[in-house]
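Before any comments, here is the structure.
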Amino acid sequence: MPPAELSQLQNALLIWFAEHQRDLPWRKNYPAYGVWISEMMLQQTRVATVLDYYDRWMKALPSIPSVAAANEATILKLWEGLGYYARARNIHRAAKQICEQHAGEFPNDYEAIRQLPGIGPYTAGAIASIAFEQDRPVVDGNVIRVLCRLLNLDADPKTGSTQKKLWQVATDWLPKGHARNFNQGLMELGATVCHVQQPSCLLCPIQPHCQAYVHQTTETIPRRTRRKAPTPVTKAVLVLVCENQVLLRRPEQGLMQGLWTFPETLVNEEEPLVELQAEWQRRNRPNFQLQTNWPTLTHAYTTFLATLHPFYCTLISIQADFPLEAEEQWHPLQSLPKLAMAKAHGQLRQSLLNQNDQDSP
Ligand code: SF4
């Protein structure tokens, strides 16, 4: 793009952002800690969803040392429902690292930011530019869409060569000294005007510079790659109650690491309860009695789609006879709301608490 036109584009975007930016809590004085937490929460998650989480988090953990000192259960409870829990665990690890290596102050050196767990080039660029006003570019999903359309770039944005080109453009187009607002302007435009479908081009401040608008290719650019269909899996979930306590597991590894779940087992669709009982017997576990089966739930994970058949059961023998396996624990029913649970299991927790209210005299 010729320098004069680039300058017009930069000015138009900066003016638009100054007038139209959303009022977001981490934009008040741009504290590095707040910008970092917001960026971590916003990965794969919409602003509207993040607002309540951000507010709760900041009230509970107002500083980086308070994050470092918190236990993992507190961190996961604050993150409960946001998904992609590795982000929360990375924040916890990074906070400890910041306390050990940077006296509890978020580092402003780009390379030091990159050394923190869970921080890749995008998040490092966002924190460096937004919190510390350094001339660092950002390329996220919104920026990719805006840049591809401005350039009328009909290429798969996921390929290494296209990514490299977009990072180069984001670097070249950055107006020196204005990275905070220019980067946010690109992202804000992508989120609120340059929508995936039916972008609001007539309201767009940089429309005179947009090649996709000129060539009427905004519906096909950026090129969309077909996602692999998630693998379907079916599970039976056992909500097992005995003596006012419920059996829970907390996996130490994997997708659900650190989150409480009801015990579950992979089954075929046809007779999930029969398979659950058979599995239980294979492991020499005490019999249980079905009280009721609750409606089937589905939950989409990144690579698979889980169908859950939940069964509310009671243990026939007394709890003391029950041999607990690794990662299992009995929990009083009244303590359930305090535990961080995987999303679908959190829904089952609510069913159990409702059931308990109904059953109480
Ligand atoms: Fe996006 Fe339309 Fe603006 Fe181009 S003119 S950047 S397609 S909103």
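The values are calculated or read from the model by the stated rules, or taken from the named source; none is laboratory data. Predicted, not measured: the structure shown is a model, and the values here were computed from it. Ideal geometry is used to build each Cβ from the backbone, glycine not excepted, and the neighbour counts take in all protein chains shown. Just the protein is used for accessible areas: all its heavy atoms, side chains included, with ligands, DNA and RNA removed. Shrake-Rupley method; radii C 1.70, N 1.55, O 1.52, S 1.80 Å.
Computed values, structure above
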read-out	value
Distance in nm between pseudo-label sites at GLN43 and LEU6 (7 Å out along the Cβ direction from Cα)	3.0 nm
Given charges at Cβ of Lys, Arg, Asp, Glu: segment 196-279 dipole, positive-most of ASN268, VAL241, THR225	THR225
Dimensions in Å of segment 228-361 - Rg and Dmax from alpha carbons	14.5, 50
Whether segment 200-301 is rounded, prolate or oblate, judged on the alpha carbon gyration tensor where a/c under 1.5 counts as rounded	prolate
Signed unit charges on C-beta, dipole axis of the chain, positive-most listed residue TRP79, ALA155, GLY104	ALA155
Tail fraction, Cα-Cα pairs, the chain, threshold 25 Å, whole percent	62 percent
Accessible area of the chain divided out per residue, in Å², using a probe of 1.4 angstrom	51 Å²
Carbon plus sulfur fraction of accessible area for the chain, probe 1.4 Å, in percent	49 percent
Accessible-area value, LYS158, 1.4 Å probe, nucleic acids and ligands omitted, Å²	150 Å²
Computed lengthening from GLU328 to LYS343, 0.36 nm per intervening residue step minus Cα-Cα distance	3.5 nm
Rounded to the nearest 20 debye, dipole of segment 278-361 from Cβ charges on Lys, Arg, Asp, Glu	180 debye
Whole-number percent relative contact order across segment 193-310, with pairs defined as alpha carbons under 8 Å at least 6 apart	25 percent
Among ILE64, VAL214, GLN257 the positive-end extreme of the charge dipole of the chain (Cβ point charges)	VAL214
Solvent exposure, largest accessible area first (probe 1.4 Å, DNA, RNA and ligands not counted), of ILE15, ILE144, ILE130	ILE15, ILE144, ILE130
Charge dipole magnitude, Cβ of K and R +1, D and E -1 - the chain, Cα centre, debye nearest 20	700 debye
Per-residue HN-Hα couplings for segment 247-255 [Karplus 6.51, -1.76, 1.60; θ = phi - 60°; Hz; x = Gly/Pro]	7, 10, 10, 10, x, 8, 9, x, 4
Cα-centred dipole magnitude for segment 128-190, charges only on beta-carbon of K, R (+1) and D, E (-1), debye, nearest 20	80 debye
3J(HN,Hα) from dihedral phi, segment 311-321, Karplus parametrisation 6.51/-1.76/1.60, rounded to Hz, x for glycine, proline	10, 8, 9, 10, 7, 6, 7, 7, 4, 4, 7
Enclosed volume per residue, in Å³, of the convex hull spanned by Cα atoms of segment 125-251	203 Å³
As computed over segment 29-167, the Cα convex hull volume per residue (Å³)	121 Å³
